[in-house]
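Participant: Handing you a structure now.
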C-alpha cells in the first residue's frame, strides 16, 4: 500500500489537537480484539471434554472474537486504514503480543493482565470476566485510559460520526470481507458502507461481548440485563431487509455472562490438562515438548501472516490457510503439547505439562532443525493424531512456508 501523506490523512480523518484519530482508535480496537484470542484458546484447549458445555461456551466466545476482529478490520479498511497484526522489528509496541502481557497500553493501567493458563473458575472470574466487563450506565467514551472495551468503542462511535461529517469522506469496501465463518456462532459480518452500517458493526461487537450495563460500581457483583442482547438471538439479515436479532434462532449469552456461568459453577468446568502457566520452550527439559512448541509457534506465525493478509483483502487465504489452522492444526498441536510433560521423564498423570506459547516468529526465525522436520513429517503421515487428512494437509503447508520458500514480497 502506498504511504499516506499527512495532508491526505488529515483529509480523511478530522484533525484532533487532542486525542487520537479514528484510525488510531480502530488500530487499538483491532489489537485488543486479537490479544484476547490466544488466552481464550489456551483455556479452551486445556479442557479435556470437548463436548462439554464449558468447552462449547469458550469456543463460541473465541469464534465471535474472530468475528469482532474482522468487523474491526472492516471498519479500519472502510476509512482508508490498513489492518496490522505484525509490527516491524524494533516497533515501540511490538505485535503480536508476547504473553503474559497487559491488554493494551492505552487501557487504564494497561487493562487486565493476560496470561496463557489452563481453564479454572478463578481465571474466568478474575481475568476473562474483567476483559468483557460491562460499562457503567453513564460511562463516557474514553480514547485513552479506558477501563472497559465498551468505552473504547463509544469513543470510536463519536469519531465515526465526526468522520461522516467530513467533506469528501468515503467508505471503501474494496478490501472488506463478509465471508468470515468458522462454524456456528452468533453474529454476521457487516460491510461498512456508511455511518449506519459502521454503527451496526460497532454495536454487534459490544452487544456480543458485554451484553449488559453495570448497575453500580466497578466492583459491584450485581449486574442487570438492561438491553435485549444480554441474551440475544443470532444476528443477521432479516426478511424485511433490516439487520438484527433473528427471532426463533437459539438464544445466545454474551461473553461476559458465558464466563460468569463458568466462574459461578452454573456451567461445570470438566477436568483440564495440568499445563504450566505461560508455557515457553525454554521451560522444557523434554525434547519432544520443545519440538512441538517450535512447530506450534511456526504454525501460529504462518497463520498470523495469512490472517493479516486476509484482513487486508486477500479473502482466499482466510479459507485456505486461516480456517484450517484454527480448526485443526493449532488445536491438535496444542493438545499434543498439553499431554507432553515438561520434564525429561514423567512419573504421574498429574506432572506439569507443556502448552502453546503463541510466540510469533519472524520469517527469518522460522528455520526448523532436522528433528523438527521429522516430527512434522511424523504428524503429517499419521503416526500421531490419528492421521487426520486436514491436519496432514495443514502441516504440509507449514513445511512449504519455510523461510527459504517465502519471499519478502509474500510476507509484506
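Participant: Residues that are touching a helix residue (DSSP H, G or I) at 6+ places or on another chain (Cβ under 7 Å), surrounded by fewer than 19 Cβ atoms within 10 Å (Cβ to Cβ) and outside any loop (DSSP other than H, G, I, E, B): does region 314-321 have at least one?
Facilitator: No, region 314-321 has no match at all.
Participant: Looking at (1) more than 24 Å from residue 66 (Cβ to Cβ); (2) modelled with pLDDT of 90 or more; (3) surrounded by 14 or more Cβ atoms within 10 Å (Cβ to Cβ), find the lone condition where residue 142 falls short.
Facilitator: All conditions pass for residue 142, except number (2).
Participant: So is residue 336 on the phi < 0 side of the Ramachandran plot, over 25 Å from the mean Cα position of the chain (by Cα), modelled with pLDDT of 70 or more and not assigned by TED's automatic domain parsing to the domain that holds residue 88 or not?
Facilitator: So residue 336 fails the test.
Participant: Hey, does region 192-202 have a residue that's modelled with pLDDT under 65 and under 19 Å from the mean Cα position of the chain (by Cα)?
Facilitator: Taking every residue of region 192-202 in turn, none turns out to be modelled with pLDDT under 65 and under 19 Å from the mean Cα position of the chain (by Cα).
Participant: Now for a different question. So residue 79 fits all but one of (1) in contact with a strand residue (DSSP E or B) (Cβ under 8 Å, 6 or more places away or on another chain); (2) at pLDDT 95 or above; what number is the exception?
Facilitator: Going through (1) in contact with a strand residue (DSSP E or B) (Cβ under 8 Å, 6 or more places away or on another chain); (2) at pLDDT 95 or above one by one, residue 79 breaks only (1).
Participant: Does region 145-162 hold any residues that are in contact (Cβ under 8 Å) with a residue 40 or more places away in the chain, within 17 Å of residue 29 (Cα to Cα) and assigned to a helix (DSSP H, G or I), and which are they?
Facilitator: 149, 150, 152, 153, 155, 156, 157, 159, 160 - these are the residues of region 145-162 that are in contact (Cβ under 8 Å) with a residue 40 or more places away in the chain, within 17 Å of residue 29 (Cα to Cα) and assigned to a helix (DSSP H, G or I).
Participant: Failed condition for residue 61, given (1) more than 28 Å from residue 313 (Cα to Cα); (2) crowded, with 17+ Cβ neighbours inside 10 Å, with all others met?
Facilitator: (1)
Participant: Could you check region 59-115 and list, in sequence order, the residues that are within 21 Å of residue 305 (Cα to Cα) and without any contact (Cβ under 8 Å) to a residue 12 or more places away in the chain?
Facilitator: Within region 59-115, 87, 88, 90, 91, 92, 94 meet the criteria.
Participant: Could you identify the single residue in 379, 372, 391 that is surrounded by fewer than 21 Cβ atoms within 10 Å (Cβ to Cβ), part of a helix (DSSP H, G or I) and either at pLDDT below 90 or touching a helix residue (DSSP H, G or I) at 6+ places or on another chain (Cβ under 7 Å) (or both)?
Facilitator: Every option except 372 fails the conditions.
Participant: Next question. Looking at residue 306, is it buried (at least 17 other Cβ atoms within 10 Å of the Cβ), in contact with a helix residue (DSSP H, G or I) (Cβ under 7 Å, 6 or more places away or on another chain), within 17 Å of residue 363 (Cβ to Cβ) and touching a residue at least 24 places away in the same chain (Cβ under 8 Å)?
Facilitator: So residue 306 does not fit the description; no.
Participant: Kindly check whether there is at least one residue in region 291-304 that is more than 24 Å from the chain's Cα centre (by Cα) and modelled with pLDDT under 90.
Facilitator: yes
Participant: Please enumerate the residues belonging to region 285-299 that are over 19 Å from residue 97 (Cβ atoms) and either outside the structural domain of residue 354 (by TED's automatic domain parsing) or in a helix (DSSP H, G or I) (or both).
Facilitator: Listed by number, the residues that qualify are 287, 288, 289, 290, 291, 292, 294, 295.
The values are calculated or read from the model by the stated rules, or taken from the named source; none is laboratory data. Note that the coordinates shown come from a computational prediction; the quantities given were computed from them, not determined experimentally. Note that each Cβ is placed from the backbone with ideal geometry, even for glycine, and that neighbours are counted across all protein chains shown.
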